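Remarks on the structure that follows.
The values are calculated or read from the model by the stated rules, or taken from the named source; none is laboratory data. Only a predicted model underlies this, so the values are computations on that prediction, with no experimental measurement involved. Cβ placement follows ideal geometry from the backbone for every residue including glycine, while neighbour counts extend to all protein chains displayed. Heads up: the accessible areas ignore ligands, DNA and RNA and are worked out on the full protein's heavy atoms, side chains in. Shrake-Rupley method; radii C 1.70, N 1.55, O 1.52, S 1.80 Å.
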Amino acid sequence: MMDRESPLRMIGEASSFLEMQEHVSLVAPLSKPVLIVGERGTGKELVATRLHHLSSRWERDFLKLNCAALSESLLEAQLFGHEAGAFTGAVKMRRGLFERADEGTLFLDELANTSMAVQEKILRVIEYGEFERLGGAETLSVDVRLIAATNEDLPALARRGKFRDDLLDRLAFDVITLPPLRERAEDIPILAQHFAVGMVKEMGGEYFAGFGRKVQAAMLAWPWPGNVRELKNVVERAVYQHGDKPVKELVFDPFASPWRPVSAAPDGGGNGKAPDAIQPDAPDLAQLEQIDFRSHMQDYERQLLRRALQQNQFNQRKTAEFLKLSYDQLRGYMRKYDLTSS
């Protein structure tokens with residue numbers, strides 16, 4: 001079991017990250033539900049583990065389940081258990097996660113994927129600490145702290161009738177929102193170094209030879225849609241490929257190959273359009289009261305430039321040709337959005 005004096009480590013120095021850490025420490029001692037919101041790869045499970053470890057329940061069970069990985073019937077059986085004969089294949093009684101996590105913590109990831117019926121049963125456990133096993137008549141009582149996580153906009157889902165308002169109200173006693181890695185630029189070199197050193201140790205090496213200047217600039221320019229998880233994969237892949245030499249190149253897309261099988265695009269291929277990878281998402285105007293056009297277009301240009309640079313391996317002349325800009329025009333845009341390497 002983990003020593004309580006050395007809780008699971010989370011790395012970062014960005015102000016947004018440190019504020020999130022303080023938030024975790026503040027709410028951890030309570031037994032109230034907590035909702036963790038963040039993009040994929042931002043470390044939601046790590047935060048849930050820390051919440052449990054810093055609570056008075058730290059010596060009790062910490063159980064976790066990804067709600068998106070199971071069908072509704074299997075999810076219900078996993079959460080609440082079942083009696084023998086409750087359904088085909090239920091040859092004996094099985095305790096569910098809520099029952100097994102009594103006096104401990106239960107972490108439910110991807111909660112937005114649960115059905116309304118399952119949400120109603122979860123709400124009952126939160127409010128009254130009661131439930132029945134599938135196929136059972138006995139009401140069981142438990143004391144479980146629920147921590148849930150999602151990368152969805154639950155209030156928007158609730159407005160559309162796809163998530164229970166009352167469950168959202170109970171889960172939102174406190175909401176911890178994790179900053180994406182692109183908003184923690186100062187943490188990218190720190191995390192990259194940490195992952196690199198760890199990979200060197202895993203390979204039996206003695207020291208990490210470091211990152212080249214172009215690699216450091218490439219890491220800062222990349223938008224990291226997969227966040228910390230993606231950074232870890234990219235860094236570890238580069239370290240093992242370079243051995244005991246300094247890392248001079250990063251492979252952001254391990255599938256990139258001239259022989260890669262390509263599925264037919266919905267709009268057909270070879271139409272002269274930029275690939276989907278650099279098509280920025282348009283905002284859902286139906287969900288907005290107003291929009292800052294200039295700010296949105298600047299975000300559009302910044303995202304397009306970053307992805308075009310990566311697609312052209314950060315060769316600025318090739319990137320300028322790709323975007324049908326002159327070299328000087330591209331350099332001007334890069335200075336405007338602070339994308340030039342130092």
What is the distance, in nm, between label points placed 7 Å from the Cα along the Cα-to-Cβ direction at Val197 and at Ala156? 3.9 nm
Only bridges with both residues in the chain count here: give the DSSP antiparallel percent, nearest 5. 15 percent
Before anything else, pin down the relative contact order of region 63-118: Cα pairs under 8 Å, at least 6 apart, normalised by residue count, whole percent. 48 percent
In percent, what relative contact order does region 150-222 have, based on Cα pairs under 8 Å that are 6 or more apart in sequence? 19 percent
Taking all protein chains in place and a 1.4 Å probe, what share, in percent, of the accessible surface of region 95-170 do carbon and sulfur account for? 39 percent
Probe 1.4 Å, accessible area per residue of the chain, Å²: 58 Å²
If I model a spin label as a point 7 Å beyond the Cα along the Cα-Cβ vector, how far apart are those points for Thr88 and Phe255 in nm? 3.6 nm
Ignoring ligands, DNA and RNA, how do Val247, Val228 rank by accessible area with a 1.4 Å probe, largest first? Val228, Val247
Taking 0.36 nm per residue of separation and subtracting the Cα-Cα distance, what length does fully extending Glu186 through Ser141 add? 11.5 nm
Cβ crowding within 10 Å averaged over residues, with 320-327, 194-201 ranked highest first: 194-201, 320-327
For the chain, what does the relative contact order come out to in percent, with C-alpha contacts under 8 Å and a separation of six or more? 17 percent
Quick one: with all protein chains in place, what share of the accessible area of region 10-54 is carbon or sulfur, to the nearest percent (1.4 Å probe)? 54 percent
Given the rule -39500 (n - 2.57) for each run of at least 4 DSSP H residues, summed and divided by the residues of the chain, what is its mean residue ellipticity at 222 nm, to the nearest 500 deg cm²/dmol? -12000 deg cm²/dmol
Stretchable slack from Tyr300 to Arg124, in nm (0.36 nm times residue separation minus alpha-carbon distance): 59.0 nm
21 Å Cα-Cα threshold exceeded, pairs from Lys44/Lys232; Lys32/Lys232; Lys232/Lys336; Lys44/Lys64: Lys32/Lys232; Lys232/Lys336
Taking the Cβ of Glu152 as the centre, find all other residues whose Cβ is under 10 Å away and add up their charges (Lys, Arg: +1; Asp, Glu: -1). -1
